[in-house]
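Since every read-out is calculated from the coordinates, none of them should be taken as a lab result. Everything numeric in this text was worked out from a predicted model, so none of it was measured. Please note: Cβ atoms are built from the backbone with ideal geometry, for glycine as well, and neighbour counts cover all protein chains shown.
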Amino acid sequence: MKVLPVLLIQMLTCCSAEKHNLSGKMFTFPEESDTAHVVLSPDQSKSLTAVTMCLRFFSDLVRAQSLFSFATPESSNAFLLYKQANGVYEVDQNDKFVLFRALGENPNQWNSVCVTWNSENGIAQVWVNGKYSARKGINKGKEISGAPSIVLGQEQDTYGGKFDKAQSFVGMVTDIHMWDSVLPSSEILLYMSRIPQKIGGNVINWESLDFTLKEYVILEDQ
């Protein structure tokens with residue numbers, strides 16, 4: 001008879017996570033570390049066969065750094081956006097990756113980045129400040145499945161952890177959205193132009209976000 005109240009409390013805790021509208025806000029990562037990160041809780045955890053993820057970042061780092069790390073129990077790099085060097089972006093899908101080059105960003109300025117992937121044809125593409133990359137294939141016919149662990153500021157070498165200071169992000173991040181489909185180029189260009197989206201991300205929505213700050217990360221006004 002005591003089990004039911006406990007289960008009820010767990011259900012209420014699970015389903016009552018507070019969502020925050022972070023319009024005009026940003027996450028600031030002030031220093032290199034192997035601890036500071038933000039955990040994002042997605043609005044859905046179903047298997048994904050297509051993805052569009054967009055964010056804006058501001059950094060002066062010239063070394064490699066993780067921009068968006070999505071892990072599952074089966075794959076620490078289920079979907080990863082990793083900046084290897086200026087203008088060179090790595091996209092991982094279930095531990096396979098492709099590189100996109102000649103996509104220059106502006107140091108010490110806001111940069112808008114979107115990445116898309118479609119399981120049906122395996123095609124991935126990266127957009128930076130309105131410029132789009134070549135289209136490249138990765139893991140055609142695969143999907144992203146399993147309970148997600150989504151982290152900003154670090155790259156997950158294991159599910160939810162094993163961070164490396166040399167891969168950490170230093171700077172500011174804002175306007176993060178993720179969809180379970182490949183957005184048309186017209187919508188991506190609207191995002192790049194900072195024109196409000198018709199519909200925010202249905203997996204991660206910056207205007208309705210459940211998140212947890214870990215260690216030295218600051219939420220502040222842009």
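Worth pointing out:
- Zone residues, segment 166-210, relative to I218, backbone N less than 18 Å from point 7 Å out along Cα-to-Cβ: 169-175
- Between M172, F211, Q109, the Cα set farthest toward the positive side of the dipole of segment 21-221 (charges on each charged residue's Cβ, about the Cα centre) is that of Q109.
- The aspartates and glutamates within cross-link reach of K162, meaning a Cα-to-Cα straight distance under 19 Å and a gap of 8 or more places when in the same chain, are E31, E32, D34, E74, D92, D95, E215.
- Neighbourhood charge, 12 Å Cβ-Cβ cut-off, centred on L81 and excluding it, Lys, Arg +1 and Asp, Glu -1: -2
- All distinct Cα pairs of segment 86-157 go into the 1/r average, and the inverse of that average, the Kirkwood radius, is 13.5 Å.
- Exposure proxy ranking, count of Cβ atoms within 10 Å, fewest first, for M178, M172, M192: M172, M192, M178
- Computed label-point distance, nm, for sites A166 and L190 using a 7 Å Cα→Cβ extension: 4.3 nm
- Calculated translational diffusion coefficient of the chain (20 °C, 1.002 mPa s; Stokes-Einstein with Kirkwood radius over alpha-carbon pairs) equals 121 µm²/s.
- Based on Cα contacts under 8 Å between residues 6+ apart, the chain shows a relative contact order of 35 percent.
- Across the cross-link table entries K19/K214; K46/K214; K46/K83; K165/K214; K46/K136; K46/K131, which are compared at the Cα atoms, the separations over 20 Å belong to K46/K214; K46/K83; K46/K136; K46/K131.
- Lys, Arg +1 and Asp, Glu -1 on Cβ, resulting dipole of the chain about Cα centre, debye, nearest 20: 520 debye
- Exposure proxy order (Cβ contacts within 10 Å, fewest to most) of H37, H177, H20: H20, H177, H37
- In this simple spin-label approximation, Q109 and T158 carry label points 7 Å from Cα along the Cα→Cβ vector, and these lie 4.2 nm apart.
- Nearest 10 degrees, 0 to 90: helix 3-15 Cα axis against the chain principal axis: 30 degrees
- All Cα pairs of segment 15-100, percent lying beyond 16 Å: 64 percent
- Estimated D of segment 109-190 in µm² per second, where Rh is the Kirkwood radius over Cα pairs and Stokes-Einstein applies at 4 °C, 1.567 mPa s: 87 µm²/s
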